[in-house]
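Shown next, in structure tokens, is the structure this report addresses.
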Amino acid sequence: MEFLAKVASIVGGTVALARRVGSPAHEAVGATPQIPEAKKQGIMTLKMPIAKGWEDGHVPTCAPGLKVNAFASGLDHPRWIEVLPNGDVLVAESKEQAGPPKTLMDQAAQATMRRVKAIGESANRVTLWRDADGDGVAETREVFVENQNQPFGMALIGDDFYLGNTDGVVRFGYEAGATSLSGDGERLLEFQGHGHWTRSLIVSPDQSKIYVGVGSLTNIADQGMEVEEGRAAIWELDVATGEGRIFASGLRNAVGMAWEPVTGKLWTVVNERDGLGDETPPDYLTSVQDGGFYGWPYSYWDRVVDDRVPQDAEKVANSIKPDYALGGHTASLGLCWMPAGTLPGFGDGMVIGQHGSWNRSKLSGYKLIFVPFENGAPSGPSRDILSGFLSVDEKLAYGRPVGVTLGADKKSLLMADDVGDIIWRVTGA
């Protein structure tokens, strides 16, 4: 596998270098992005920096007026964060368990992903971190729950704790202040694993529903739509009955979700398809309508048809245009609403953890960004909160942003870094 990784790196680097000639000069971002015409790649671009981590006091670069410190370190691929009412911080530590590669391209892609620690043995646990003295650094670590199946999303409603494993949602009993869960939990929903494996969770404002992000198995339904049944969607789980339904579909890989308080709408970030160019199509941030269809796999953005896919004209005609483009292949995963006053110099808006690309000639993402909102909608260009996760020559990844949430004090952000194995805390300087 190491030999294949080196071959993939050499071939991928050569292809990526060639494709930088004539690559788009502008990112496809904002409410009215300039999206280049699709260019079928044949051999998909594979370009991944080597996982380096942070050494000798090296930390991410902050926006002016902010500072960053390690809230917790020494984790094993931290992906998602949940802050409990008492201030305890839960972290899902998990990693993709790759299925059997079906093609040489699959083998090369998996070898490439291993270079940045994105695939491998999963810790399959949630740890609890407690900052008892309030200095912004956790002093204690406990194993909250272990022996799970690629855990990711977490939610607490009263005395019930919900965990999104890749194969379904499990409910456990919880006591306030507890540092661990007991029992095997109760399975409420079942999903198929592999492919886009993360299962993010968010509770409705009235706490009667939980929404679950379930990504597609493949890039563009390459194995047919039958194996995509129930995927590329956001599910709604009724807490009282335990029954689930598809809330919105055609979302290739909807991960982070957040509630926008002015309109009360659910928003999500979505990772779009590969193989059409550096900026084509862009990942996006969008509000989500009950029963809405957002194009995948038939089309992208504003009904642009992907002719690699057997078509459904009615589906395309009824697809909804996303609200805000985030650039091609930024792998925007984390999402949270940040009210004005949380960080100095920042108003109301969405904070997005961009995990970073592996499939374009010039890498993108690798940042924690802020999208300002007014009257319930994006109102301007994004701003960097944290950057510097990627070396200037794009050969090394010091870290990769994933989940993000407000700290317990409501004056900080916590962000998971699954290459640095750190939870970063951002506050005013």
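Here are the numbers for this structure:
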read-out: Where a residue in segment 259-270 is of a type in the set (S, T, N, Q) and its partner, wherever it lies, is assigned to a loop (DSSP other than H, G, I, E, B) and at pLDDT 95 or above, with Cβ under 8 Å and at least six apart; value: Thr263/Gly376; Thr268/Leu251
read-out: Every residue from segment 115-154 that is under 27 Å from Ala98 (Cβ atoms), touching a Leu at 6+ places or on another chain (Cβ under 9 Å) and of a type in the set (A, V, I, L, M, F, W, C); value: Ala123, Val126, Val143, Phe144, Val145, Phe152, Met154
read-out: Residue that is farthest from Gly334 (Cα to Cα), among those in segment 74-106 that are within 17 Å of the chain's Cα centre (by Cα) and among the basic types (Lys, Arg); value: Lys95
read-out: Selection within segment 332-358 - outside any strand (DSSP E or B) and polar (S, T, N, Q); value: Thr342, Ser357
read-out: Residue tally, condition at positive phi and out of contact with any Ser or Thr (no Cβ under 6 Å at 6 or more places or on another chain), over segment 310-330; value: 0
read-out: Segment 347-368: number of residues that are in contact with a Lys or Arg (Cβ under 8 Å, 6 or more places away or on another chain) and free of Cβ contacts under 8 Å to residues at least 40 places away in the same chain; value: 1
read-out: Gly244 surrounded by fewer than 19 Cβ atoms within 10 Å (Cβ to Cβ), farther than 27 Å from Arg383 by Cα and under 23 Å from the mean Cα position of the chain (by Cα); value: no
read-out: Residue selected from segment 25-72 under the condition among the basic types (Lys, Arg) and over 21 Å from the mean Cα position of the chain (by Cα), by the criterion surrounded by the most Cβ atoms within 10 Å (Cβ to Cβ); value: Lys39
read-out: Enumeration of residues in segment 130-171 that are in a loop (DSSP other than H, G, I, E, B), over 19 Å from the mean Cα position of the chain (by Cα) and touching a residue at least 60 places away in the same chain (Cβ under 8 Å); value: Asp131, Gly134, Gly136, Val137, Ala138
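So that you can scan it fast, the table gives a plain yes or no per residue for (1) over 20 Å from Arg114 (Cβ atoms); (2) of a type outside the set (Gly, Ala, Ser); (3) surrounded by fewer than 24 Cβ atoms within 10 Å (Cβ to Cβ):
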{"position": "Gly345", "(1), (2), (3)": "yes, no, yes"}
{"position": "Asp348", "(1), (2), (3)": "yes, yes, yes"}
{"position": "Leu363", "(1), (2), (3)": "no, yes, yes"}
{"position": "Gly388", "(1), (2), (3)": "yes, no, yes"}
{"position": "Lys395", "(1), (2), (3)": "no, yes, yes"}
{"position": "Leu406", "(1), (2), (3)": "yes, yes, yes"}
{"position": "Ala416", "(1), (2), (3)": "no, no, no"}
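The values are calculated or read from the model by the stated rules, or taken from the named source; none is laboratory data. Predicted model only: the values in this text are computed from it and were never measured. Backbone-built Cβ (ideal geometry, glycine too); neighbour counts: all protein chains shown.
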